[in-house]
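Remarks on the structure that follows.
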Amino acid sequence: MKKYYLGEFEEIVLLTIGILNKEAYGVSIKNEIEARLARDVSMGAMHTALIRLEDKGYIKSSNGEATEERAGRPRKYFEITALGKKAIAYSKSTRDELWNAIPKVTWDRLIDGRHKTQDLAHLNLMS
Amino acid sequence: MKQESPKTANRLLTRFLRSDLAEEVRGDLEEKFLLDLKTKSVFKAKLIYWYQVINYIRPFAIRKSRLSYLNNYDMFQSYFKIGWRNLLHNKGFSFINVFGLAIGMTACVLIMLYVVDEMSYDKHHKDGNRIYRIASEVKSEKFVAASAPIAEGLKKDFPEVEQSTRLLRFPGTDKMVVKDEATQKQFFEMNGFYVDSTFLQVLTYDLIFGDDKTALNDPNSMLLSEEVAAKFFGNENPVDHVMKITLPFGDFNYTVKGVFRTNKKSHIPANLLLSMNNSDVGGWVKNQHNWATNNLFHTYVKLKIATDPIYFESKLTPFLERNGGQDLKAAGFSKSLFIQPLPDIYLHSDYGFEVTPNGSIKYLYIFFSIAVFLLLIACINFMNLSTARSERRAKEVGLRKVIGAEKHALISQFLTESILMSVLALLLAFLLIQLAIPIFNQLINKQLSLIQLPNVYFWLVGLTIITGLLAGLYPAFYLSSFKPVTVLKGKLVNTFSGVMIRKGLVVFQFTISIVLILGAILIGDQMRFLANTDLGFNKNQKIVLPIQTAEANKNAEALKAALLANSKVIAATHASSYPGIENINDMLFYAEGKSINETVDIIMCNAGNDYIETLDIELLQGRGFSKEFMGDSAAVVLNEAAIKQLGYAAASAVGKNIYFEWQGKKVTMNIIGVVKNYHFQSLHQEVKPMALSVSPFFGLPMSYLILDTNTNDYADLIALLEKTWKKINSGSPFAYSFLEKDFQKSYEKEELTLTLIRYFTLIAIVIACLGLFGLASFTAEQRVKEIGIRKVLGSSVSQIVMLLSKDFLKLVVISFIIASPIGYYVMKQWLQGFAYHVNVSWWIFALAGTSALLIALLTIGFQSVRAAFANPVNSLKSE
């Protein structure tokens, strides 16, 4: 069942739009993601995600005022739609479900392992 | 100063970016750029800008090709309509174009049909790439067969040999009489071969009747080709039917065990496959244990998977040395073995004792290049005429551009037009091919049809589109690159480079044509030389009757006497061979005072007493054979070549002895005469040492009766011969051939090449001239005002003709200069195939050059003269 489909990056973009509230447009979204997640985002990649999200109806856009720093071009602002909210809620709930379903022993074993072998050292990053 | 975003990057962006995204993307990028400028260096900001722009090259952002927004169908309909109108508007031009292309395609397809057919030999054998033929080399003479024990020895000594088998084309049995006792039907059948029981395990035959696993297991089994089976049995299953085979040494019964299809071509054109384990030659075969001599067995091996054939080949000669060292020593020569891959045999093998004469890769290359060049010439015509005529349509192009046609639209318009023409040419070519195939088949003596090539239609349509594209590409790009302003202003758009290219193409066409003319003249000259050379004997009016049944053999002398009673038969002789046919019998002789290690390979011909007289061979010294001399059974008549190689002098050779060793015994032969060298083989080869003998020792069957006749009415004479034959040999079918024709058969390949080259040269010239004609008429038309003014000012007709023709003739002269060395080289190469040949002399070039010039002159002349005679008033009255 694929009721809502959100790619990982799309999800991030969607969440960021939510964070920025009414101030979400190209450059601000990019900056926000880069600041919060410490990862590089190319405009092209982000734009792809925005267009996909808009096509799916998770976000809607509206033209803002033209500004000088954009050489007279209007900003395009994005907002989460009701459908977008559902999608992201669905995404969160499925993640939570999965998270909760992980038996406790899994974590215990991994934590034990950390002490026993050097090979599992990289798991440090996970906890 | 305010920094601006990189211009080039922006230009790139607008190039590919979807226009509905442009505003937003540009805005974002611009803003980001400003932001970056605050924190980073200008260079870095620009670099980031570039990076972002390049990152937009993604499917979602790239603009769709403009075409998809247009209504293509309507445009193409319009192109089609305009193209068709153009075609009809210029009927002459269209005809030249379409017809030229059609001829080119027809010729190309016909030749390709031939080429593909020649290449299809032996491609059907299962695991064919692991099958090899074992061939021998003795004294640098290559022989495609091997001694009898080699096949079995290979199987025994080499684990990598999966299976080996032999085929025997028994000398003197080229025609076998096959008889069905039940129906009393009997026919002469060619190409009957003896094969080992393992034959079908190595080579693939598709059996209609019978089982290929067991068909050859029993002695005296026989497989028939479907044609032979149909002659005797129609569509019925003949398996287990007993048939009688008549050979010079008797009649023998064979049981039919299968019928094989002949739809796949092979270098073994078998009609009959007889098991080698039989009651006729079988006994002889079983006694063949010598590893050195009797290299008569075509030996095939199938190697196991992943065997390295080169390594295998390198082990063959040591293998022979190991097994047959004794035999080779006794025979007094050394022998090496080499392998021939089965699929390559037909085109690449041309050595001694082939199963039948093979094709030749050399000629295939020649034909293939002719096919390609003919098509090229036709395409060039198309391009030339289209570009030349482009001025006429320059205004149309200009107007279209002004109205908004884009370059790619114009290109597709012109490509549509040229493809339309090439499709028309294809239809015409189809018609021509259908008409020409029967004639072509007759020429090349094959049964080809388009159906034979399964994907020929696919192939032809592809060819058409490629031709259309190829032919249309240059004009399409050339025409669409016109600048509307210049064109509409009426300026000449005939650029220098355009003219140069057109001239270059004309030169190319004529170069090819002249090379072909040169080739045709030279081959013709060589063929005339072959026909007229004194062969050292008289080949005219000689009729040969094969004596190849036991009955005819028994009555040979009676038949000869009866035929000589006819006044039209001047002389007659029996012989084992006659000039022009293959003679593989040879013996190693050595002269007085020499040993077995200094032998000369001499070809043996068993001859009747009257051989020398009947063939009119010149006797230089001594005498020929005669009934009066009883001792002639140990006598030989040698030719000059043999005398020379033995180290004797012609004048003193008579009376001397020569020796050979046979099964350890030394045998002496006495020279009784010396004949002048005569060509018992075709002029491809030097005259080799040869001996005539009446000695029964060599045991060669006297398979032919040669008659020297004198008549004007062959039909009548042959009827008489047949009547006499029937009276004496009632049970044997009558057959005859003319010695001259048999001799001429050695030149079949050359004759075929000559005929084909003649025809295709003609076609090449026609196509090239059609092009020249079109160009000339176009030039005359273009310069019509100039001519008018010149005439008004007093130019004479001849001056104007000169003016118009000069340019073209110059091109022909240039072509001639280019073609001559190419032609010279090609001709030299071709002549190397002959030991006796004409020289490439200057008159061939003179003839080719003049004829090319004349043809060109005629072609252009008509147009030029017409232009020169035109009334200037007509051309000058309007502007």
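Of all residues in the stretch B:729-768, those satisfying the criterion of being within 30 Å of B:VAL801 (Cβ to Cβ) and open to solvent by less than 20 Å² (accessible area, probe 1.4 Å) are B:THR761, B:ALA764, B:ILE767, B:ALA768.
Scan the stretch B:232-245 and give yes if some residue there is in a loop (DSSP other than H, G, I, E, B) and open to solvent by less than 30 Å² (accessible area, probe 1.4 Å), otherwise no.
In the first step, residues of the stretch B:232-245 are kept if they are in a loop (DSSP other than H, G, I, E, B); the result is B:234-241.
Now restrict to residues that are open to solvent by less than 30 Å² (accessible area, probe 1.4 Å): B:238.
Scanning the stretch B:232-245 turns up at least one residue that is in a loop (DSSP other than H, G, I, E, B) and open to solvent by less than 30 Å² (accessible area, probe 1.4 Å).
Considering only residues of the stretch B:775-792 that are touching a helix residue (DSSP H, G or I) at 6+ places or on another chain (Cβ under 7 Å) and among the charged types (D, E, K, R), which is most open to solvent (accessible area, probe 1.4 Å)? Filtering the stretch B:775-792 for residues that are touching a helix residue (DSSP H, G or I) at 6+ places or on another chain (Cβ under 7 Å) and among the charged types (D, E, K, R), the one most open to solvent (accessible area, probe 1.4 Å) comes out as B:ARG790.
Look at (1) buried (at least 19 other Cβ atoms within 10 Å of the Cβ); (2) at pLDDT 85 or above and you find that B:LEU772 fails only one, number (2). Could you tell me whether the stretch B:669-677 includes any residue that is of a type outside the set (S, T, N, Q) and not in a strand (DSSP E or B)? Yes: one or more hits.
Candidates B:VAL826, B:VAL840: the one that is in contact with a Lys or Arg (Cβ under 7 Å, 6 or more places away or on another chain) and closer than 30 Å to B:ALA531 by Cα is B:VAL840. Among residues of the stretch B:144-164 being open to solvent by less than 50 Å² (accessible area, probe 1.4 Å) and assigned to a strand (DSSP E or B), the one that is farthest from B:ILE339 (Cα to Cα) is B:GLN163.
Give the residue, chosen from A:VAL41, A:VAL27, that is part of a loop (DSSP other than H, G, I, E, B), β-branched (Val, Ile, Thr) and open to solvent by less than 20 Å² (accessible area, probe 1.4 Å).
Numbers: A:VAL27 fails: part of a loop (DSSP other than H, G, I, E, B).
Residue meeting the stated conditions: A:VAL41.
Here is a check on your reading of the model: is B:VAL301 crowded, with 16+ Cβ neighbours inside 10 Å, part of a strand (DSSP E or B) and without any contact (Cβ under 8 Å) to a residue 60 or more places away in the chain? No: the conditions fail for B:VAL301.
All of (1) in contact (Cβ under 8 Å) with a residue 60 or more places away in the chain; (2) in a helix (DSSP H, G or I); (3) closer than 30 Å to B:LEU296 by Cβ hold for B:SER336 with one exception: (2). Assess whether B:ASP180 counts as being over 27 Å from B:SER164 (Cβ atoms), surrounded by 15 or more Cβ atoms within 10 Å (Cβ to Cβ) and in contact (Cβ under 8 Å) with a residue 60 or more places away in the chain. The answer is yes for B:ASP180.
In this structure, is B:GLU4 within 14 Å of A:ARG73 (Cβ to Cβ), open to solvent by 10 Å² or more (accessible area, probe 1.4 Å) and within 10 Å of another protein chain (Cβ to nearest Cβ)? Break it down into steps so the answer makes sense when it comes.
Numbers: within 14 Å of A:ARG73 (Cβ to Cβ): no; open to solvent by 10 Å² or more (accessible area, probe 1.4 Å): yes; within 10 Å of another protein chain (Cβ to nearest Cβ): yes.
So B:GLU4 does not fit the description; no.
Got at least one residue in the stretch A:60-69 being more than 30 Å from B:GLU4 (Cβ to Cβ) and among the hydroxyl-bearing types (Ser, Thr, Tyr)? There is no residue in the stretch A:60-69 that is more than 30 Å from B:GLU4 (Cβ to Cβ) and among the hydroxyl-bearing types (Ser, Thr, Tyr). May I ask you to verify whether B:GLY258 is in a helix (DSSP H, G or I) and either touching a residue at least 12 places away in the same chain (Cβ under 8 Å) or not β-branched (Val, Ile, Thr) (or both)? No: the conditions fail for B:GLY258. Among residues of the stretch A:65-95 being outside any helix (DSSP H, G or I) and more than 10 Å from chain B (Cβ to nearest Cβ), the one that is least open to solvent (accessible area, probe 1.4 Å) is A:PHE78.
The single condition from (1) closer than 25 Å to B:ASP36 by Cα; (2) open to solvent by less than 80 Å² (accessible area, probe 1.4 Å); (3) hydrophobic (A, V, I, L, M, F, W, C); (4) within 14 Å of chain B (Cβ to nearest Cβ) that A:LEU53 fails is (1).
For the stretch B:551-611, which fully contained strands (runs of 3 or more DSSP E) count at least 1 residues that are closer than 30 Å to B:ALA330 by Cα, without any contact (Cβ under 8 Å) to a residue 40 or more places away in the chain and assigned by TED's automatic domain parsing to the domain that holds B:GLY647?
Details: elements: B:569-575, B:586-591, B:600-606.
Result: B:586-591.
Restricting to the stretch B:368-427, and then to whatever is open to solvent by 10 Å² or more (accessible area, probe 1.4 Å), over 32 Å from the mean Cα position of the chain (by Cα) and of a type in the set (S, T, N, Q), can you tell me which residue is farthest from B:LEU516 (Cα to Cα)? The selected residue is B:SER412.
Please determine whether any residue of the stretch B:275-287 is farther than 20 Å from B:VAL195 by Cβ, out of contact with any His (no Cβ under 8 Å at 6 or more places or on another chain) and in contact (Cβ under 8 Å) with a residue 60 or more places away in the chain.
For the stretch B:275-287, residues farther than 20 Å from B:VAL195 by Cβ, out of contact with any His (no Cβ under 8 Å at 6 or more places or on another chain) and in contact (Cβ under 8 Å) with a residue 60 or more places away in the chain: absent.
Only a single criterion out of (1) under 24 Å from B:GLY731 (Cβ atoms); (2) open to solvent by 30 Å² or more (accessible area, probe 1.4 Å); (3) β-branched (Val, Ile, Thr) is not satisfied by B:THR214, namely (1).
Do you know which residues across the stretch B:19-33 are facing another protein chain (nearest Cβ under 10 Å) and in contact (Cβ under 8 Å) with a residue 12 or more places away in the chain? Let's see the steps before the verdict.
Restricting attention to the stretch B:19-33, the residues satisfying the condition of being facing another protein chain (nearest Cβ under 10 Å) are B:21-33.
The answer is B:LEU21, B:VAL25, B:ARG26, B:LEU29, B:GLU30, B:LYS32, B:PHE33.
Could you list all residues from the stretch B:37-49 that are open to solvent by less than 10 Å² (accessible area, probe 1.4 Å) and within 11 Å of another protein chain (Cβ to nearest Cβ)? It would help to see each step written out before you state the result.
Of the stretch B:37-49, the ones open to solvent by less than 10 Å² (accessible area, probe 1.4 Å) are B:45, B:49.
Residue satisfying the conditions is B:TYR49 alone.
Residue pairs whose Cβ atoms lie under 9 Å apart, sitting 6 or more positions apart in sequence or on different chains, and linking a residue in the stretch B:239-250 that is not assigned by TED's automatic domain parsing to the domain that holds B:MET276 to a partner that is assigned to a loop (DSSP other than H, G, I, E, B), do not occur here. Restricting to the stretch B:173-198, and then to whatever is assigned to a loop (DSSP other than H, G, I, E, B) and of a type outside the set (Ser, Thr, Tyr), can you tell me which residue is nearest to B:ASN278 (Cα to Cα)? Per the criteria, the residue is B:ASP196. Counting the residues of the stretch B:826-842 that are more than 18 Å from B:VAL813 (Cβ to Cβ) and without any contact (Cβ under 8 Å) to a residue 60 or more places away in the chain gives 5.
Of the residues making up the stretch B:793-840, those that are charged (D, E, K, R) and open to solvent by 70 Å² or more (accessible area, probe 1.4 Å) are B:LYS806, B:LYS810, B:LYS828. Scanning the stretch B:866-879 for residues that are under 17 Å from B:GLY92 (Cβ atoms) and either in contact with a Gly (Cβ under 7 Å, 6 or more places away or on another chain) or open to solvent by less than 60 Å² (accessible area, probe 1.4 Å) (or both) gives B:ALA867, B:ALA870.
Scanning for something away from chain B (no Cβ under 14 Å), part of a strand (DSSP E or B) and surrounded by 13 or more Cβ atoms within 10 Å (Cβ to Cβ), does the stretch A:6-14 turn up at least one residue? Checked the stretch A:6-14: no residue is away from chain B (no Cβ under 14 Å), part of a strand (DSSP E or B) and surrounded by 13 or more Cβ atoms within 10 Å (Cβ to Cβ).
The values are calculated or read from the model by the stated rules, or taken from the named source; none is laboratory data. The shown structure was predicted, so the numbers you read here are calculated from the model rather than taken from an experiment. Glycine also receives a Cβ, built like all others from the backbone with ideal geometry; neighbour counts cover every protein chain displayed. All accessible areas refer to the heavy atoms of the entire protein, side chains included, with ligands and DNA or RNA removed. Shrake-Rupley method; radii C 1.70, N 1.55, O 1.52, S 1.80 Å.
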